[in-house]
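Notes follow the structure.
Coordinate-derived values only; no laboratory data. All values reported here derive from a predicted model rather than from experimental measurement. Note: ideal-geometry Cβ built from the backbone for every residue, glycine included; neighbour counts use all protein chains shown.
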Amino acid sequence: MVFTDLNGRVDEFGGFSGNLYEGTMWQWSGSDWRQLHPSQLPFARSSSAVGVDNRSKQIVLYGGLGDVNPLNTWTYDGITWMLQSSATQPLTVYGASAAFEPNLDSVILFGETDGGVDQNRTWSWTGSNWRELFPRQSPEAREGAGMTDDKALGHLVMFGGQDHEHPLGDTWTLVP
């Protein structure tokens with residue numbers, strides 16, 4: 001997963017090499033990648049949902065695919081990764097989308113997989129727990145969609161992804 005950290009640097013964590021799940025972290029300097037060595041890292045995984053929590057000034061990482069159970073939430077403050085204990089959480093999540101929603105003041109996660117079937121569920125990270133949201137309208141189930149906070153419009157925008165069989169080209173907004 002590639003994300004911009006709170007210092008504006010591009011960081012990368014995890015991935016899949018074709019043979020094994022990666023558990024390393026790298027940072028782009030503008031001309032090359034250098035490996036970072038935080039004292040603790042999330043378990044090796046790929047396809048996690050990652051969003052920046054502007055309220056707590058932390059990166060929030062959830063789910064993915066991995067050899068060790070990836071159904072957990074990690075936060076990163078730019079120095080240290082911390083495993084979070086959440087009383088409730090989404091089901092199996094890989095290929096989900098996540099971004100900060102300023103009106104709800106939380107990271108929003110969309111999409112999950114239950115028994116290999118994509119779901120169209122929406123979750124909010126409260127800073128200590130996941131809470132399911134029930135929007136009036138919701139996109140069809142998908143994975144791999146792009147999601148970001150549109151500061152000009154003041155809400156989240158999600159584009160594309162794919163369902164079980166086809167790429168999707170639709171655009172959705174979450175207006176709380």
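Taken one residue at a time, the phi angles of the stretch 100-108 give Karplus couplings (6.51, -1.76, 1.60, θ = phi - 60°) of 7, 10, x, 5, 9, 6, 7, 6, 9 Hz. Gly and Pro are set to x.
Computed over the stretch 1-150, relative contact order equals 16 percent, with contacts defined as Cα pairs under 8 Å that lie 6+ residues apart. What does the net charge come to around Gly14 if you take all other residues with beta carbon closer than 9 Å to its beta carbon, with K and R at +1 and D and E at -1? Result for the local shell: -1.
For Gly127, no residue 5 or more places off, or on another chain, has a built amide H under 5 Å of its own. In vacuum, with every alpha carbon of the stretch 48-174 counted as one equal point scatterer, what does the Debye formula give for log10 I(q)/I(0) at q = 0.09, 0.19 Å⁻¹? Two decimals, please. Taken in order of the listed q values, log10 I(q)/I(0) reads -0.23, -1.04. Close amide H contacts of Thr73 (hydrogens built in the peptide plane, cut-off under 5 Å, sequence separation of 5 or more or a different chain): Gln84. Amide H contacts for Leu133 (H built 1.01 Å from N in the peptide plane; partners 5 or more residues away or on another chain; cut-off under 5 Å): Thr122, Trp123, Ser124. Protection proxy ranking for 101-110, 84-93, using the average of other Cβ atoms within 10 Å per residue and placing the highest first: 101-110, 84-93.
For the stretch 47-59, the Karplus equation 6.51 cos²θ - 1.76 cosθ + 1.60, evaluated at θ = phi - 60°, returns couplings of 6, 7, 8, 10, x, 8, 8, 5, 5, 8, 6, 9, 7 Hz by residue, with Gly and Pro reported as x.
What does the charge count around Ala44 come to, taking other residues whose C-beta lies under 9 Å from its C-beta (Lys +1, Arg +1, Asp -1, Glu -1)? Please list the in-between numbers first.
On the way: positive: Arg45; negative: Glu22, Asp67.
My count for the surroundings of Ala44 gives -1.
Among residues other than Ile59 with Cβ under 15 Å from its Cβ, the summed charge is -2 (Lys and Arg +1, Asp and Glu -1).
Each distinct pair of alpha carbons in the stretch 1-74 adds a 1/r term; the inverse of their mean, the Kirkwood radius, is 12.7 Å. Each part reduced to its alpha carbon centroid, the stretch 110-166 and the stretch 28-80 end up 19 Å apart. Our coupling estimate for the stretch 76-90, obtained by passing each phi through the Karplus curve with A = 6.51, B = -1.76, C = 1.60 and θ = phi - 60°, is 9, 9, x, 10, 10, 8, 10, 6, 9, 9, 10, 5, 10, 7, x Hz, Gly and Pro reported as x.
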